Amino acid sequence: MLKVENLNVHYGNIHALKNISFEVAKGEIVTLIGANGAGKTSTLQAVSGMLKPSGGKITLKEQDISHIEAHKLVPLGMAHVPEGRRVFAQMTVEENLELGAYILNNKKQISEDIEKMYARFPRLKERRKQLAGTMSGGEQQMLAMARALMSRPEIVLMDEPSMGLAPILVQEIFDIIKEINTTGTTVLLVEQNANMALQIAHRAYVLETGEVVLSGVGKELLNNAQVKKAYLGA
Ligand code: ATP
């Protein structure tokens, strides 16, 4: 589905990503874990066209997307749930969902999809007329996910969905990610909560100062001594 080869990103003379390579197969949940500043967000931004790579190749479904702008990736089947949610604060929940479907023009299909989102995220249904900016962090995260799913993506990129959420909501968000995946969407997940991310991921890559230092099956990395020491607080 997605292949990243020798990705490099520079911010001025800071070399933030150094030859990052990884793959996400159709149907997988793949997670990138790593400490603050390891390069997780930069990687997602480069993949989703929000950041120009200084080198490397990104392929989505056999098509070279290394230089394609972000909005052109949505019709190709990619959606991005950015760090910090970025919902449209002055719009209602429902208007945010409608905007998520901007590439589709079948009104009936859009309203059916909105109902599907309400079934998956009942909290959003209760709040359909509420301004997004007045919702709690967890509710905004659910809205950001639902809005991304409205474009019917084949792969969704999620940047730190659990950030700043209470533990009970963190569990709920991870359950939703698992469900999104089992109902057919491929997931590339960036997380600082390595423990939760590794539990749901099929495979994982560990980033350290802009490089991939380790990769493997999610559950196996949970038991890896190096990972335990550095990321799981063991
Ligand atoms: P976090 O979990 O803290 O968000 P991260 O793993 O997502 O961290 P990035 O945000 O990708 O890491 O940052 C990777 C490196 O690039 C860091 O050293 C960061 O300081 C640097 N960086 C990121 N954005 C910029 C920018 N706009 N200008 C300069 N340096 C940047």
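The values are calculated or read from the model by the stated rules, or taken from the named source; none is laboratory data. As the structure is a prediction and not an experimental result, all values here were calculated from the model. Neighbour counts run over all protein chains shown; Cβ positions are idealised from the backbone, glycine included. These accessible areas exclude ligands, DNA and RNA; they are computed on the full protein's heavy atoms, side chains included. Shrake-Rupley method; radii C 1.70, N 1.55, O 1.52, S 1.80 Å.
Of the conditions (1) of a type in the set (A, V, I, L, M); (2) surrounded by fewer than 21 Cβ atoms within 10 Å (Cβ to Cβ); (3) not assigned by TED's automatic domain parsing to the domain that holds Leu60, Ile168 clears all except one; give me its number.
So the condition that Ile168 fails would be (3).
Out of Thr43, Thr59, report the one residue that is within 13 Å of the ligand (Cβ to nearest atom) and polar (S, T, N, Q).
Sole residue among the options that is within 13 Å of the ligand (Cβ to nearest atom) and polar (S, T, N, Q): Thr43.
Residue check: is Ala119 out of contact with any strand residue (DSSP E or B) (no Cβ under 7 Å at 6 or more places or on another chain) and open to solvent by less than 10 Å² (accessible area, probe 1.4 Å)?
On the way: out of contact with any strand residue (DSSP E or B) (no Cβ under 7 Å at 6 or more places or on another chain): yes; open to solvent by less than 10 Å² (accessible area, probe 1.4 Å): no.
Spelling it out, it is not the case that Ala119 is out of contact with any strand residue (DSSP E or B) (no Cβ under 7 Å at 6 or more places or on another chain) and open to solvent by less than 10 Å² (accessible area, probe 1.4 Å).
Return the pairs, sorted by first residue and then second, in which the second residue is within 7 Å of the ligand (Cβ to nearest atom) and outside any helix (DSSP H, G or I), the first residue lies in the stretch 22-49 and is open to solvent by 20 Å² or more (accessible area, probe 1.4 Å), the beta carbons are less than 7 Å apart, and the residues are 6+ apart or on different chains.
From the stretch 22-49, the pairs are Thr41/Glu83; Thr41/Val190.
Taking the stretch 50-59, which residues are of a type in the set (Ser, Thr, Tyr) and open to solvent by less than 30 Å² (accessible area, probe 1.4 Å)?
Across the stretch 50-59, the qualifying residue is only Thr59.
I need the full set of residues from the stretch 70-93 which are assigned to a loop (DSSP other than H, G, I, E, B), modelled with pLDDT of 90 or more and either within 14 Å of the chain's Cα centre (by Cα) or within 16 Å of the ligand (Cβ to nearest atom) (or both), in order please.
Val74, Gly77
Within the stretch 123-130, can one find any residue that is closer than 25 Å to Ser48 by Cβ and either of a type in the set (D, E, K, R) or out of contact with any Ser or Thr (no Cβ under 6 Å at 6 or more places or on another chain) (or both)?
The initial filter retains those residues of the stretch 123-130 that are closer than 25 Å to Ser48 by Cβ, namely 124.
Within this subset, residues satisfying the condition of being either of a type in the set (D, E, K, R) or out of contact with any Ser or Thr (no Cβ under 6 Å at 6 or more places or on another chain) (or both) are 124.
Within the stretch 123-130 (the criterion being closer than 25 Å to Ser48 by Cβ and either of a type in the set (D, E, K, R) or out of contact with any Ser or Thr (no Cβ under 6 Å at 6 or more places or on another chain) (or both)), the answer is yes, since at least one residue qualifies.
Does Leu149 meet the test of being away from the ligand (no atom under 16 Å from the Cβ), closer than 19 Å to Ser48 by Cα and open to solvent by less than 50 Å² (accessible area, probe 1.4 Å)? Give the derivation first.
Values: away from the ligand (no atom under 16 Å from the Cβ): yes; closer than 19 Å to Ser48 by Cα: yes; open to solvent by less than 50 Å² (accessible area, probe 1.4 Å): yes.
Judged against the criteria, Leu149 is a match.
Which residue is nearest to the chain's Cα centre (by Cα), if the candidates are limited to the stretch 22-40 and must be within 14 Å of the ligand (Cβ to nearest atom), part of a strand (DSSP E or B) and aliphatic (A, V, I, L, M)?
Leu32
Might you let me know whether the stretch 3-15 holds any residue that is in contact with an Asp or Glu (Cβ under 8 Å, 6 or more places away or on another chain) and farther than 30 Å from Gly133 by Cα?
yes
So in the stretch 1-21, with the set limited to residues that are open to solvent by less than 60 Å² (accessible area, probe 1.4 Å) and away from the ligand (no atom under 11 Å from the Cβ), which one is nearest to Asn195 (Cα to Cα)?
Just the residues of the stretch 1-21 that are open to solvent by less than 60 Å² (accessible area, probe 1.4 Å), to begin with: 1-2, 4, 7-9, 16-17, 20-21.
Filter once more, so that each one left must be away from the ligand (no atom under 11 Å from the Cβ): 1-2, 4, 7-8, 21.
On the way: Met1: 25, Leu2: 24, Val4: 24, Leu7: 26, Asn8: 27, Ser21: 22 Å.
My answer is Ser21.
Take the stretch 110-148 and flag every residue that is of a type in the set (A, V, I, L, M) and under 20 Å from Pro167 (Cβ atoms).
Going residue by residue through the stretch 110-148, those that are of a type in the set (A, V, I, L, M) are 110, 114, 117, 119, 124, 131-132, 135, 142-146, 148.
Met135, Met142, Ala144, Met145, listed by residue number.
Counting only residues that are closer than 19 Å to Leu44 by Cα, more than 16 Å from the ligand (Cβ to nearest atom) and outside any loop (DSSP other than H, G, I, E, B), how many does the stretch 181-197 have?
3
Report yes if some residue within the stretch 201-224 is in contact (Cβ under 8 Å) with a residue 60 or more places away in the chain, acidic (Asp, Glu) and open to solvent by less than 10 Å² (accessible area, probe 1.4 Å); otherwise report no.
Within the stretch 201-224, not a single residue is in contact (Cβ under 8 Å) with a residue 60 or more places away in the chain, acidic (Asp, Glu) and open to solvent by less than 10 Å² (accessible area, probe 1.4 Å).
Hey, Leu143 hits all of (1) of a type in the set (A, V, I, L, M, F, W, C); (2) assigned to a loop (DSSP other than H, G, I, E, B); (3) under 27 Å from Lys178 (Cβ atoms) but one; which does it fall short on?
Against the list (1) of a type in the set (A, V, I, L, M, F, W, C); (2) assigned to a loop (DSSP other than H, G, I, E, B); (3) under 27 Å from Lys178 (Cβ atoms), Leu143 comes up short only on (2).
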